[in-house]
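Working notes for the structure below.
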Amino acid sequence: MMERFRAFWTKVISPIAHLLIRLGVSADVVTLVGTVGLSAGALIFFPQGMLLTGVLVATAFVFSDLIDGYMARSQGKSSKFGAFLDSTLDRIGDGAIFIGLSLYFAGPGDSTLYLVLCLVCLLMGAVTSYARAKAEGLGYTAKVGIAERADRLVAILVMTGLSAIFDLPILLHVVLWALAVASTITVIQRVWVVRRQALAEVAAGPVS
């Protein structure tokens, strides 16, 4: 589903990407601006209880993640640094969303329970990404799990927006429970998969 979503929006944003290329804007600049915009939307508006405004601003900048990748590929300038920068700033953007929601529940949302759930989502989302990166650094693969980054991002933004539009806080509450559980399961899945690979490597013995 996420691949079809990405393919559709790639077609939509391609004219914007080509315009930026003609203007001499680099993919790395787009990545940076997108992260700053997304983070600002979440950290400025969510704590004030302006959930829909925060979602709309954050969503507008989320598309920079598609634009920068398309720009790099179309110019043949994909680089290891670009991939590193994109991945690093993705973590900042994801964190800003859950920090913003944590501040909302510490303020106008007035719920210690859902503040804690936001922090669980923040922690497990970070560990999910770290587990995969660390596994790949050790020569294993850990691209498994029921809650990939794109799934988490779409779910939290869509449900936060709908909860504000229809004045149904339960929608935000449900998605936070779901993401906290799904992210935790994903971490466990990745640890299990890497453990199996490590045991298989030991069983195979040293390569002669």
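The values are calculated or read from the model by the stated rules, or taken from the named source; none is laboratory data. All values reported here derive from a predicted model rather than from experimental measurement. Neighbour counts are summed over all protein chains in view; Cβ atoms, including those assigned to glycine, are modelled from backbone coordinates with ideal geometry. When the accessible area is computed, the model is the full protein with side chains, heavy atoms only, and any ligands, DNA or RNA have been set aside. Shrake-Rupley method; radii C 1.70, N 1.55, O 1.52, S 1.80 Å.
Table for the structure above
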| item | result |
| --- | --- |
| First in region 34-53 and farther than 16 Å from Phe105 by Cβ and touching a residue at least 40 places away in the same chain (Cβ under 8 Å), second anywhere and among the charged types (D, E, K, R) and assigned to a helix (DSSP H, G or I), Cβ under 8 Å, 6 or more apart | Gly34/Asp65; Gly34/Asp68; Thr35/Asp90 |
| Of all residues making up region 147-172, the number that are of a type outside the set (A, V, I, L, M, F, W, C) and over 19 Å from the mean Cα position of the chain (by Cα) | 3 |
| Odd one out for Ile97, checked against (1) in contact (Cβ under 8 Å) with a residue 40 or more places away in the chain; (2) surrounded by 13 or more Cβ atoms within 10 Å (Cβ to Cβ); (3) not in a helix (DSSP H, G or I) | (3) |
| Qualifying position, being over 19 Å from Thr128 (Cβ atoms), of a type in the set (A, V, I, L, M) and assigned to a helix (DSSP H, G or I), among Leu171, Leu157, Leu176, Leu153 | Leu171 |
| Matching entry among Ala131, Ala142, Ala164 (being of a type in the set (A, V, I, L, M), part of a loop (DSSP other than H, G, I, E, B) and open to solvent by less than 60 Å² (accessible area, probe 1.4 Å)) | Ala142 |
| Condition check for Leu157: touching a residue at least 60 places away in the same chain (Cβ under 8 Å) and either crowded, with 20+ Cβ neighbours inside 10 Å or farther than 19 Å from Val57 by Cβ (or both) | yes |
